[in-house]
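Since the structure comes first, as structure tokens, the remarks are kept for the end.
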Amino acid sequence: MSTKHDCFYNVAKEFSMFPGGRLKEHGPDSGEEFRDDILIPLFEECDLLTIDLTGTITYGASFLDESFGELGKRYGLAAVKNKLKLIANDDPMLVDTIWEKVRIASKEYK
Amino acid sequence: MRHLLTKRKKRLLREQVLQRIREKRRIARLDVIYNPNKVSTEHRPLVNRKYSPHEPTRGRAVLKFPKKMNFRGDIDETIYFLDKLKKEILYGDSTEVLLDQKALDSITPETAIILVSELQRCIQYKSMKKRLRGTHPDSPAVARILTDIGFYSCLNIKSPPHAEEKSSRAFFRIMPGNRTDARIANRLVSHFEKVVSFEPIARKRLLAALIECMDNVHNHAYRKDGISPDLIGEWWMAGFVDESVGQVGFIFYDQGVGVPTTLKEKWAVKIKTLVGMNDAELLQHAVLEGITRRKSERHGNGFPSFKEFINEIPAGTGGFLRVISNKGDYSYCRNARSNPTTVEIPLNGTLLIWSIHPNKETVDKDGRIDLSSEGLQTRLAI
């Protein structure tokens, strides 16, 4: 039986202060890297995943789509909404932007 | 009679040789010989190995710079000259090209960036037999701009000794690159924060736009399978601040195929262009609503994010985003009617300019964007 629990992850402290572009081949700290190394393993491991997005310099649209958008595509909007909680104290629009990306990408969920 | 002719011929030949020696000495004195093997940038651009250079045969070509180089009133002449420069260096038959900057008496930073990038490309791809030489401009102000913007350091040439020493402006040197790295964008913006403060959200939007620009270059800008002389994935980023009025401008440029060309790969877009949508309107559509050549809705969101910085600047602050690519020229301002215009000669690549002016509105009485109110366009064109 796998052990399930609530998780908290701070992007600025644990991943990077400088999130980059879409793919690993484009440069450091990409959305693909964040998705494959952090987001998906945590999403599968945890009952409730809280991601704190506060403290980075910014997030590019491609980074968000490749990381959170892909989550929506793989698991569907309902599953992501059930498990994922987002915090962004320094950018109130960011959480809505991410959910919009998850919603659009979840249309490709099969 | 024959003896006299030979004597005259000899004298003419001697004069020609002496003239050539004098010219060589003059250029050596100026110390402005372009060295193709010393491009002193921090990174090494990716070269297209499939390209084979055109071998020159003989002769010397003199490329006289126009009097004014800018993307306002002289946009067509400027693009024409930049195109001519590339063609002469890469495909011309002359073994030596002299870049005569003497007449140049005004140049805007965005033009200087494109000029630098074009020369970098030419140096990388020209035949080994071709030599590039240059003269310094007569105008100290132009010399100063080119020095500040990193024109000479990028090409590893000594800056002119007569460049103006004092200036209220604080330029930042060109930052070339070929990968998406938020640290570079952050370094550029931080540099300007020494004199101009940004609202935290506006800062985030600006950085997001710059990162998205870098990523777009990777995704769409260059044809990776072509044989054209491209510095693959290469982009140039720069900015300026005028401390006296707190004016800030950021510039991003790539030498790719251009946004309209990329978008036309999609059939739906191609059909729209066939029924009358021009390059400028395509750019407008891309900036306002987002458009992509791909099927997925998830793509095409980068361009709309470029205008977010302009939307976030405080009320009372003037500012606009300008995009020039292929034959399209589109400017976006929060409170103004958009004005897509067509340029005669297409610009190869994509140029983006964000310009903000804290003490001046950039909308004229007719509700149109007043480009002349921006420092990027006028104050630097001395």
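Worth a mention:
- Condition met for B:I89 (of a type in the set (V, I, T) and open to solvent by 10 Å² or more (accessible area, probe 1.4 Å)): no
- Residue in the stretch B:106-115 that is over 21 Å from B:G73 (Cα atoms) and buried (at least 20 other Cβ atoms within 10 Å of the Cβ) present: no
- Among the residues of the stretch B:326-353, the ones that are over 21 Å from B:L85 (Cβ atoms) and of a type outside the set (A, V, I, L, M, F, W, C) come to 12 in all.
The rows are residues; the columns are (1) within 12 Å of chain B (Cβ to nearest Cβ); (2) in a helix (DSSP H, G or I); (3) free of Cβ contacts under 8 Å to residues at least 24 places away in the same chain; (4) aromatic (F, W, Y).
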position: A:K13; (1), (2), (3), (4): no, yes, no, no
position: A:S16; (1), (2), (3), (4): yes, no, no, no
position: A:P19; (1), (2), (3), (4): yes, no, no, no
position: A:R35; (1), (2), (3), (4): no, yes, no, no
position: A:G69; (1), (2), (3), (4): yes, yes, no, no
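- Top-ranked residue in the stretch B:16-48 [being under 20 Å from B:G233 (Cα atoms) and at pLDDT 75 or above; ranked as nearest to the chain's Cα centre (by Cα)]: B:P45
- Inside the stretch B:197-208, residues that are under 19 Å from B:T317 (Cα atoms), in contact (Cβ under 8 Å) with a residue 60 or more places away in the chain and not basic (K, R) make up a count of 4.
- B:M128 at pLDDT 75 or above and assigned to a strand (DSSP E or B): no
- Just one residue in the set B:I211, B:I123 is at pLDDT below 90, open to solvent by less than 20 Å² (accessible area, probe 1.4 Å) and assigned to a helix (DSSP H, G or I); that residue is B:I123.
- Selected residue (only one of A:K24, A:K81 is of a type in the set (K, R), within 13 Å of another protein chain (Cβ to nearest Cβ) and either touching a Ser or Thr at 6+ places or on another chain (Cβ under 6 Å) or open to solvent by 30 Å² or more (accessible area, probe 1.4 Å) (or both)): A:K24
- Residue match in the stretch A:72-82 (condition: closer than 25 Å to B:E199 by Cα and hydrophobic (A, V, I, L, M, F, W, C)): no
- Scan of the stretch B:182-201 for residues that are within 11 Å of another protein chain (Cβ to nearest Cβ) and under 20 Å from B:S305 (Cβ atoms), ordered by number: B:A182, B:R183, B:I184, B:A185, B:N186, B:V189, B:P200, B:I201
- Qualifying positions in the stretch A:95-108 - surrounded by 22 or more Cβ atoms within 10 Å (Cβ to Cβ) and facing another protein chain (nearest Cβ under 9 Å): A:K101, A:A105
- Residue in the stretch A:67-89 that is in contact with a strand residue (DSSP E or B) (Cβ under 9 Å, 6 or more places away or on another chain) and at positive phi present: no
- Subset of the stretch B:111-154 [closer than 24 Å to B:R322 by Cα and acidic (D, E)]: B:E118, B:D148
- Qualifying residue in the stretch B:228-242 (condition: out of contact with any Lys or Arg (no Cβ under 7 Å at 6 or more places or on another chain), part of a loop (DSSP other than H, G, I, E, B) and open to solvent by 40 Å² or more (accessible area, probe 1.4 Å)): yes
- Selection of the stretch A:37-60 for residues being in contact (Cβ under 8 Å) with a residue 40 or more places away in the chain and within 14 Å of chain B (Cβ to nearest Cβ) yields A:L53, A:T54, A:G55, A:T56, A:I57, A:Y59, A:G60.
- Among residues that are out of contact with any strand residue (DSSP E or B) (no Cβ under 6 Å at 6 or more places or on another chain), facing another protein chain (nearest Cβ under 10 Å), part of a loop (DSSP other than H, G, I, E, B) and of a type in the set (F, W, Y), A:F63 is not included.
The values are calculated or read from the model by the stated rules, or taken from the named source; none is laboratory data. Since the model is a prediction, treat every value here as computed from it, not as a measurement. Don't worry about glycine lacking a Cβ; one is built from the backbone with ideal geometry, like all the others, and counts go over all protein chains shown. Ligands, DNA and RNA are stripped out before the accessible areas are found, and what is left, the full protein with its side chains, is counted by its heavy atoms. Shrake-Rupley method; radii C 1.70, N 1.55, O 1.52, S 1.80 Å.
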